[in-house]
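The values are calculated or read from the model by the stated rules, or taken from the named source; none is laboratory data. Just so it is clear, the model here is predicted, and its values are computed rather than measured. Here the Cβ positions follow ideal geometry from the backbone for every residue, glycine too, while neighbour counts run over all protein chains shown. Accessible surface areas use protein heavy atoms only, side chains included; no ligands, DNA or RNA. Shrake-Rupley method; radii C 1.70, N 1.55, O 1.52, S 1.80 Å.
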Amino acid sequence: MSTPHDESGRHDGTGVSEDHRGISRKNLIKAALLAGVVPLVTGGGVALARDRATTAPNRPLDVTPACHDGDPTTLPNIEGPYFKPNSPLRTTITGAGMPGTPLTVSGYVFGRNCLPVAGALLDFWQADDSGGYDMSGFTLRGHQFSTAQGAFGLTTIVPGLYPGRTRHIHVKVQAPGQPVLTTQLYFPGEPRNSTDAYYDPRLEMTVRQAGGGEQASFDFVLDVQGTPTTPPSTPPSTPPTTPPGGGTWAPGVAYRAGDQVTYAGLSYRCVQAHTSMTGWEPPNVPALWQRL
């Protein structure tokens, strides 16, 4: 584990969230998704991002942010010194017997038009219960892709504290073929929130107690156009003739870790097994492809 230290180079957000006391379009879309057959269930209940304040149930929470015209997208926040590329593809980033308070984080990825973003890459990393980061391996690190409905879910622990910082979870979010949003998620009611140079209340999750752990939720709004609840592209039912293991990259191919392809005249090695799709071209998803 690395020795934690203060992170310098603060990035201040410039967006201004709007105070929404009623029902937002985004929440209506989420309700419609949940009314179907695609609820995101974590630990015994459905977690809806920022729908209510659990630490102060009588105080409505700002939507962070709402996705109607004129509102800012989710704010960026400093990457910090502990990011590692090529994290494992997984939704559970804890190890067996790991100490700490169990935590699930769930929510949706939306575009500015309030429609879900399918196939968005979400790469999470965080400190352990003692405040240390694993720099020799990938404990408490992992990436995943949002579902056709834009949903994601993470199983982890509540991160520990270290000098200069409040509790936080790092994340990079990238819609297929679009720029990467690097930000952090924060916990409400933390004593260090008021002294942390990077904390922003607009990046607070909704958190509630659940059995012996906690459930948190947050919705990301990216500066892209979301789509109806279908993936951005549908892999062909019959894979192309390009075989895994070589040749030119193509969508609809079940690539294995170690496979090498070419794309736009450059060579890449597959670092995580996956079935390719349009929007996940090698230069767009570094968590899946390593340039040689």
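Here are some notes:
- Filtering region 162-208 to residues that are more than 21 Å from the chain's Cα centre (by Cα) and either open to solvent by 20 Å² or more (accessible area, probe 1.4 Å) or in contact (Cβ under 8 Å) with a residue 40 or more places away in the chain (or both) leaves TYR162, PRO163, GLY164, GLY189, GLU190, PRO191, ARG192, SER194, THR195, ALA197.
- Of residues in region 121-141 being farther than 21 Å from THR166 by Cα and more than 14 Å from the chain's Cα centre (by Cα), the one surrounded by the most Cβ atoms within 10 Å (Cβ to Cβ): PHE138
- Condition met for GLY150 (over 21 Å from LEU75 (Cβ atoms) and touching a residue at least 12 places away in the same chain (Cβ under 8 Å)): no
- Positions within region 85-120 being farther than 19 Å from ILE157 by Cα and surrounded by fewer than 23 Cβ atoms within 10 Å (Cβ to Cβ), in sequence order: PRO85, ASN86, GLY111, ARG112, ASN113, CYS114, LEU115
- The conditions of being at pLDDT 85 or above and more than 22 Å from SER106 (Cβ to Cβ) are met by ASP196.
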